[in-house]
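To start, the structure under review is shown below, and the notes come after it.
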Amino acid sequence: MNQIVLPSNVVGRGSCTLSSTNSEQGKPAVAIMLPTYCEAGNIRSLIRKIKSLKPDSLIVVIDDSSHDGTASIARSLQKKHNNILVFTRPAKLGLGTAITDGFKLILSLEDPPDYIITMDADYSHNPLTIPELLATAEKGYDLVIGSRYKKGSRIIGWHIIRWLISRVANFIASTMVGMRIRDCTSGFRCYSKNYVREVIGHLHSQTYEIQIETVKQAWTRGFKVKEIPMTFENRKRGKSKLTIAEFQGFLSYILKTKLPVKKGH
Ligand SMILES: Nc1nc2c(ncn2[C@@H]2O[C@H](COP(=O)(O)OP(=O)(O)OP(=O)(O)O)[C@@H](O)[C@H]2O)c(=O)[nH]1
Ligand SMILES: [Mg+2]
């Protein structure tokens, strides 16, 4: 197992192990980032599924010292599969910083992949959508969003109240961002490396508002954004990690942020 040298801007936040890379495979085409907090019931089968679909992908697990052993399960898979990076942070530090730390780690690699996919580790995001997200990005989009609200999208297992809250949050968020994106809060996305390099110094979200902040950065900086329909399924195992404090932080972010000035689209 190699020890990875952490970039200076995430030093102190945690420790990292990387499984050996297969030099014959060359540079991975895509990094797939899985932020995790207590996903022991999901992580093993999810990583296996992703590796069976895209054996050449680099999987980056950002775990916040889950007490259910999520990180050790991920590390045990490093023995079987190449290109799995497990970054363990000392405590639950929020989804926003998990994603930005993941971006920084990936950018610090010697030859980072050209695309980075983020997805929840609870099976709400179906790994079968990964090839389409990637193929759309390869057509020249810097941010491709797996959307719950496009023609052809499906949501399985949500109570109507949950759907309503999500629709209202998305309506406010897209008005705030100033663009017609139906699902600004979806976490299933593909980012281009160029986009991540440009915005990484401008992301300040601690928690779930990261999803809106990244869309807003893309839109205001003139990056190409595309939504594709996906099937979203309510988690079957484990609990939601959204705390009341995080939800309040998310609400105050979308209500406080001023309407942005957009570059020519
Ligand atoms: N590293 C890290 N991961 C987190 C944190 N909060 C949530 N996650 C992970 O981020 C993903 C999304 O969180 P969820 O709890 O599924 O949030 P949600 O999708 O809004 O809630 P549900 O619909 O109930 O599942 C999951 O993979 C979580 O394990 C955090 O503070 N740190
Ligand atoms: Mg979820």
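The table for this structure:
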quantity	calculated
Residues whose placed amide H lies under 5 Å from that of Ile32, excluding near-sequence neighbours	Leu58, Ile59, Val60, Ile117
Förster radius 30 Å - calculated FRET efficiency between Thr175 and Asp114 (Cβ-Cβ, nearest 0.05)	0.40
Amide H within-cut-off set for Arg189, under 5 Å, with H built and near neighbours excluded	Thr118, Gly146
Gyration tensor (alpha-carbon) shape descriptor, region 2-256, a/c threshold 1.5	rounded
Ellipticity estimate at 222 nm from DSSP helix runs (n ≥ 4, -39,500 (n - 2.57)) divided over the chain, nearest 500	-10500 deg cm²/dmol
Calculated FRET efficiency for the pair Trp158/Ser15, C-beta based, R₀ 45 Å, to 0.05	0.80
Computed label-point distance, nm, for sites Leu251 and Lys49 using a 7 Å Cα→Cβ extension	3.2
Listed pairs Lys27/Lys92; Lys92/Lys139; Lys27/Lys51; Lys151/Lys241 exceeding 25 Å between Cα atoms	Lys27/Lys92; Lys92/Lys139; Lys151/Lys241
Estimated FRET transfer efficiency (Ile165, Asp68; beta-carbon r; R0 30 Å; 0.05)	0.65
Inter-centroid distance (Cα atoms) of region 195-209 relative to region 54-100, Å	20
Selection from Ser124, Phe171, Gln206 lying farthest towards where the dipole of the chain points positive, charges on Cβ	Phe171
Charged-residue dipole, Cβ positions (Lys, Arg, Asp, Glu), the chain about Cα centre, Debye nearest 20	700
Inter-site label distance for Lys239 and Lys139 at 7 Å from Cα along Cβ, in nm	4.2
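Values quoted throughout were computed directly from the atomic coordinates according to the rules given, and no laboratory measurement underlies them. All values reported here derive from a predicted model rather than from experimental measurement. No Cβ is skipped: glycine too gets one built from the backbone with ideal geometry, and neighbour counts run over all protein chains shown.
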